[in-house]
Amino acid sequence: MLHSPSAAARTLAGAALLSCGAAAHAAMRDVTVWVENLAAADSVVVAPLNLGFHGGVYDAFDIGSAAGPAIQRVAELGSGSLWLPAFAAADPLAVTGTVGASPTLPGGTASGSFTIDTTANRYFSFAAMVVPSNDFFLGNDAPTAYQLFDAAGNLLVASITVRARDLWDAGSEIFDPAAAAFVGDATLRADQHSVVALNFAEIAAFDGMNTAAGYTFNSGLSADSEVYRISFTAAAVPELETYALMAAGLLAVGWLTRRRRGASADAAPV
């Protein structure tokens, strides 16, 4: 009597495919990004955070060079409308987005969740306007400055703390309180034609001005002042466990099927 191997073969093949799928899926992570404005109660405000998880390709700006249109839009108007598409064009596998539906006031927080393939997107970049200012922002110069994940998908960085000394001046708009966001009309701009540089001291020039949030501004910043924190948590996506359970279930069904066929053959009359 010939025994057909089809049931066992199908079971093993299915388990192998599921195993391969689970291995590929192991690199996927659900990442929650938390942001917090650490500045004093009457100090700076941070616009919604534009971010990207990526392969280390997109370089948004360089210190000592003129700001491009994408980072200029972030720095002058707090908008990622050019930054996010430019990011996606430079790195099509990147996961981009924004955290916060409105500016984060001192003491305020916001969060967002993203599903990340850590094999393709180990690095993290960010950019957000800091106000009051004409063209100040926070962000990372080098695209590989923050490697969030290792080769196994483990989270390497729990948080990023931005201090006052880390704040950038885009060098694209002349300092003018009347044209500064949060204390004036940000659309009344005049070109500066300078370059990106580190600068936080100029923010103190807005001290004593009334803000859009209703308080009188007082910078109170020193070089070591903590301004902003970005925190991360990461977990394997639920489908990883689902694949394992399905594989175990298929193996069990295959084993029971073989046992029943064996029992039927033994009980058949001669």
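The values are calculated or read from the model by the stated rules, or taken from the named source; none is laboratory data. The shown structure was predicted, so the numbers you read here are calculated from the model rather than taken from an experiment. These accessible areas exclude ligands, DNA and RNA; they are computed on the full protein's heavy atoms, side chains included. Shrake-Rupley method; radii C 1.70, N 1.55, O 1.52, S 1.80 Å.
Structural remarks
- Overall form of the range 107-216: prolate. Here a/c, set by the Cα gyration tensor axes a ≥ b ≥ c, is 1.5 or more, and a/b is the larger of a/b and b/c.
- Between amide H atoms placed 1.01 Å from N, distances below 5 Å from Ala145 occur with no residue 5 or more places distant or on a separate chain.
- Note on Glu226 and Ala151: the extension gain reaches 23.9 nm, defined as 0.36 nm multiplied by sequence separation minus the Cα-Cα distance.
- If the segment from Ala190 to Ile63 were pulled out straight at 0.36 nm per residue, it would be longer than the present Cα-Cα gap by 43.6 nm.
- When Ser159, Ser133 are compared by accessible area of protein heavy atoms, the largest-first order is Ser159, Ser133, using a 1.4 Å probe.
- Net length gained if the chain between Ala178 and Ser111 were fully extended (0.36 nm per residue, minus Cα distance): 20.9 nm
- In order along the range 85-93, phi translates into HN-Hα couplings of x, 5, 4, 5, 5, 6, 9, x, 8 Hz, rounded to whole numbers, per the Karplus curve 6.51 cos²θ - 1.76 cosθ + 1.60 with θ = phi - 60° and x for Gly and Pro.
- Estimated at the nearest 10 Å², the accessible area of Val95 is 40 Å² with a 1.4 Å probe.
- Rounded accessible area of Phe200 (nearest 10 Å², 1.4 Å probe): 50
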